[in-house]
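Working notes, beginning with the structure itself.
Every number in this text was worked out from the coordinates using simple rules, so none of it is lab data. None of the values given here were measured: they were computed from a predicted structure. Don't worry about glycine lacking a Cβ; one is built from the backbone with ideal geometry, like all the others, and counts go over all protein chains shown.
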Amino acid sequence: MNVKVGLDRVLLVMGQMRTAVALLGLCALASMAGTLVVQGLPIQDYVAEYGVVWARVLWYTGLTDVFRAWWYVGILVFLLTSVSVCVVRNGPQIGRTLRAPRYLPHLPGKGIKIGERELRAAGFRPVGSVNDVNIWQRGALNRVGYFLVHIGVLGVAAAGIVSGFVGWRGTLNLREGETDHVALVWQGADATPQFLPFEVSNDGFEIEFYPSGMPSRYATNLRFKGQGVSRSEVVEVNKPVRVGAYAFYQASFGDGGSGVAGQGLDLSNGALATFEGHVYDKANLPDGARIEILDFRPFTVETMKGERPTDVGPSVDYVVQPPDAEAVQLRAYMNHPNMVGVADGQQVGGQNDGAVIYRPVMLGLQDYEA
């Protein structure tokens, strides 16, 4: 008896509109988090973007793969249950209301012709008569919206649950002119390959900027070919492209292999060493350290201390692996903006020509294997 009473109480709560609305609100908040945080990247990318502490918070809460997180799928299961209970409990009653006429006994007496004219003007239409009583109808389909809305929510919740259990989200990094058919699904620092049934080619990349240097639009011209697929599409942020059972999103962008040249300052003796390479290159330095160039940005928007976000010019992200210490990821700026007090930026010296040298900004990576 107690079990039955408890179950009835649970079903009563689950079938209430406020429960469904609360669950929908949670789904909306989680979906917003999934759009603000780039999904499905390796853990080191989140460390570089948010720092070690926040990267761990995002990772362990599942915000780096929201739509497959156990708590998000759990919300969808509860939402599916809540809406199903609503439909089962209220559906038959609404169905009977749709079929049953409603009488208006207190209509003021008027001539038949005048009454018919006013009924038509109000949107009623004749549907028949019973015992010499004319029946007029209006808004018979109004409450059909109840079923359509609930069926739509059920469909979205069911699709999210299926996607959470059997779908996958991977990354496919393509330079301009490059073709590949293997996406990587990241779990921590490990990646599992997922083979696509067709090839994807990057035929070109477009980027536009606001006056402040922030990107206003970036898009990739993709070409799909193989297994009955041969088409070209443009994918942009919030404008995915669907090819069969696969959806392609423009999640981020980076350099495709630009040439980079720079100078390194030996803090022990003040000597300058010249270095040249390309993005994604790895090279050994004279002191035994190893360097890998990760990215080049012609525009770098930073929030300087006490200022609004501004473009501080070109920058290079790279990883240095000393021979006897942990690897660190750094960012160096071509124009040497005053980063003192921001991250780990600090002034380390000056040159005879008056130029001031700043230590590159630490990006927080500690467990990188170059």
Original post:
Under 5 Å between amide H atoms, partner at least 5 residues away or on a different chain: which partners does Val38 have, H built in plane at 1.01 Å?
Top reply: none
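What net charge do the residues around Val229 carry, taking every other residue with its C-beta under 12 Å from that of Val229, with Lys and Arg at +1 and Asp and Glu at -1? Walk me through the intermediate numbers first.
Working: positive: Arg223, Lys225, Arg231, Arg242; negative: Glu199, Glu233.
Overall, the nearby charge balance is +2.
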Subject >> Per-residue HN-Hα couplings for region 233-247 [Karplus 6.51, -1.76, 1.60; θ = phi - 60°; Hz; x = Gly/Pro] >> reply: 9, 10, 9, 10, 4, 6, 10, x, 10, 9, 10, x, 8, 10, 10
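By counting other Cβ atoms within 10 Å of each Cβ, how are Tyr318, Tyr249 ranked from fewest to most?
Details: Tyr318 24, Tyr249 16.
Lowest to highest Cβ neighbour count: Tyr249, Tyr318.
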**OP:** Rounded to whole Hz and in sequence order, give me ³J(HN,Hα) for region 221-229 from the Karplus expression 6.51 cos²θ - 1.76 cosθ + 1.60, θ = phi - 60°, writing x for Gly and Pro.
**Re:** 8, 9, 10, 10, 8, x, 6, x, 10
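Using a Förster distance of 41 Å, how high is the FRET efficiency between Lys225 and Thr61, based on the Cβ-Cβ distance and rounded to 0.05?
Values: r = 39 Å, r/R0 = 0.95.
Here the calculated transfer efficiency is 0.55.
Would you mind calculating the gained length between Val149 and Asn173 on full extension (0.36 nm times residue separation, minus the Cα-Cα distance), in nm to one decimal? Kindly include the intermediate steps, with their values, before the conclusion.
Details: separation 24, 0.36 × 24 = 8.64 nm, distance 3.86 nm.
Extra length available between Val149 and Asn173 comes to 4.8 nm.
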Original post:
If you plug each phi of region 21-29 into the Karplus form 6.51 cos²θ - 1.76 cosθ + 1.60 with θ = phi - 60°, what whole-Hz ³J(HN,Hα) values come out, in order, with x for Gly and Pro?
Top reply: 5, 5, 5, 4, x, 4, 4, 5, 5
Original post:
Between region 5-50 and region 168-229, what's the alpha-carbon centroid distance in Å?
Top reply: 28
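Would you mind calculating the gained length between Ala261 and Leu285 on full extension (0.36 nm times residue separation, minus the Cα-Cα distance), in nm to one decimal?
Length gained, Ala261 through Leu285: 7.3 nm.
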Original post:
Which distance in nm do the two modelled labels at Arg242 and His181 give, with both placed 7 Å along the Cα-to-Cβ direction?
Top reply: 2.4
**OP:** Give, in nm to one decimal, the length gained when the segment between Ser163 and Met32 is fully stretched (0.36 nm per residue of separation minus the Cα-Cα distance).
**Re:** 45.4 nm
Original post:
What is the order of Leu12, Leu79, Leu196, fewest Cβ neighbours within 10 Å to most?
Top reply: Leu12, Leu196, Leu79
